[in-house]
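See below for the structure under consideration.
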Amino acid sequence: MFKVLRKKIYNQYVFELEIEAPLIAREAKAGQFCILIPKEKGERLPFTIADFDRKKGTITFIIQVVGKSTQMMYDEEYDFIPDILGPLGTPSKIEKKNNVLFLSGGLGIAASYPIMKAYKEMGSKIISVVGFRNKSLVFWEDKLKDISDEIIITTDDGSYGLKGNVVSVVDQIFKKYNIDKVYSIGSLKMMKASVDAIKKYGVEIIVSLNPIMVDGIGMCGACRVVLDGKIHYACIEGPDFDGYKVDLDDLILRSNQFAKEEGACLRDYLLNRGNRR
């Protein structure tokens, strides 16, 4: 059993859980994730380790409501999480770079933040561009400001920061900085657009992939991704991959089908929840 120390609601879609897990916190590294089972006999849910504190023995997750199980976690209060498996995945490869650009779309902050911290500790300059649909969805701005040498926030509707998306400011960033490496973390479409925008500059770009996962240890094959025509598995070889090598079009097609099925499950749950009340 893992004690839930804090739950914080940011908006109608996103919330944070801080959990006491000293052994996981001790071993966690930037880029890794855990699988949570929120209730006995519940669904296995993979979440990026958004932050960890080795001294306190805590790990933090930023969770977005995308289906029945995450909606239940949003609605209900938890004193304990029965099972957490982790840390899983291959840690991000952190090398000293002068200027590192992070393009984070909404929930992508959860994966970007620990990687930013690791680069900051190496002495790199962090340029952070974060995109949201509108002002009401903005979160962790202060945390990002603490470790970013420059931060730009964009919103699709212009209600906060610059109007546009993270890709729309790429050219102005490259005019100002000699960027050595780029991380793009967010929706698949956002990461594909980022790769296309960065390609002309010839700079390394890493994308963080979170496809469908079941076991998290490479057995089920659900998280397969295609790199240079060959199958790889995000749960054990990722989540970080070379953005130029990933077949993002293939991954987008597969994820769209899953999203339709998950959306149907969520609608059924919300209707039944209303009936129970």
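The values are calculated or read from the model by the stated rules, or taken from the named source; none is laboratory data. Because the structure is predicted, anything quoted here is derived from the model rather than measured. No Cβ is skipped: glycine too gets one built from the backbone with ideal geometry, and neighbour counts run over all protein chains shown.
Could you look through region 204-230, keep only residues that are out of contact with any strand residue (DSSP E or B) (no Cβ under 6 Å at 6 or more places or on another chain) and farther than 18 Å from S255 by Cα, and pick out the one that is surrounded by the most Cβ atoms within 10 Å (Cβ to Cβ)?
Result: I217.
Could you look through region 218-261, keep only residues that are among the acidic types (D, E) and touching a Lys or Arg at 6+ places or on another chain (Cβ under 8 Å), and pick out the one that is modelled with the highest pLDDT?
Of everything passing the filter in region 218-261, D240 is modelled with the highest pLDDT.
Which strands (runs of 3 or more DSSP E) sit wholly inside region 1-81 and have at least 1 residues that are of a type in the set (D, E, K, R) and more than 17 Å from A111 (Cβ to Cβ)? Full working, then the answer.
Values: elements: 2-9, 14-20, 33-37, 45-48, 51-53, 58-64.
Hits in region 1-81: 2-9, 14-20, 51-53.
Among the candidates I19, I49, I9, which residue alone is surrounded by fewer than 15 Cβ atoms within 10 Å (Cβ to Cβ) and of a type in the set (A, V, I, L, M)? Lay out the reasoning, then the answer.
Values: I19 fails: surrounded by fewer than 15 Cβ atoms within 10 Å (Cβ to Cβ); I49 fails: surrounded by fewer than 15 Cβ atoms within 10 Å (Cβ to Cβ).
Being surrounded by fewer than 15 Cβ atoms within 10 Å (Cβ to Cβ) and of a type in the set (A, V, I, L, M) holds for just one of I19, I49, I9, which is I9.
So which residues in region 86-122 are polar (S, T, N, Q), part of a strand (DSSP E or B) and crowded, with 24+ Cβ neighbours inside 10 Å, if there are any at all?
Hit for region 86-122 is S104, nothing else.
Can we say I81 is surrounded by 22 or more Cβ atoms within 10 Å (Cβ to Cβ) and in contact (Cβ under 8 Å) with a residue 40 or more places away in the chain?
yes
For the list (1) crowded, with 21+ Cβ neighbours inside 10 Å; (2) in a helix (DSSP H, G or I); (3) small (G, A, S), I need the number of the one condition that S184 fails.
(2)
M73 - would you say it is modelled with pLDDT under 95, crowded, with 19+ Cβ neighbours inside 10 Å and under 19 Å from the mean Cα position of the chain (by Cα)?
Here the answer is yes, as M73 does meet what is asked.
Checking P211 against (1) within 20 Å of F47 (Cβ to Cβ); (2) touching a Phe, Trp or Tyr at 6+ places or on another chain (Cβ under 6 Å), which test does it fail?
The failed condition is (2).
Could you list, in sequence order, all residues of region 123-145 that are more than 14 Å from Y10 (Cβ to Cβ) and either more than 19 Å from the chain's Cα centre (by Cα) or in a strand (DSSP E or B) (or both)?
Of everything in region 123-145, those that are more than 14 Å from Y10 (Cβ to Cβ) and either more than 19 Å from the chain's Cα centre (by Cα) or in a strand (DSSP E or B) (or both) turn out to be G123, S124, K125, I126, I127, S128, V129, G131.
Considering only residues that are part of a strand (DSSP E or B) and hydroxyl-bearing (S, T, Y), which ones fall in region 201-248?
Once the filter is applied, which keeps residues that are part of a strand (DSSP E or B) and hydroxyl-bearing (S, T, Y), region 201-248 yields S208, Y233.
So how many residues does region 237-256 have that are in contact with a strand residue (DSSP E or B) (Cβ under 8 Å, 6 or more places away or on another chain) and touching a residue at least 24 places away in the same chain (Cβ under 8 Å)?
11
Need pairs with beta-carbon distance below 9 Å; first residue assigned to a helix (DSSP H, G or I) and within region 155-178, second charged (D, E, K, R); sequence gap 6+ or separate chains.
V167/D196; I173/E150; K176/E150
Would you mind stating whether L36 is closer than 15 Å to K7 by Cβ, touching a Phe, Trp or Tyr at 6+ places or on another chain (Cβ under 7 Å) and either without any contact (Cβ under 8 Å) to a residue 12 or more places away in the chain or crowded, with 17+ Cβ neighbours inside 10 Å (or both)?
Yes: the conditions hold for L36.
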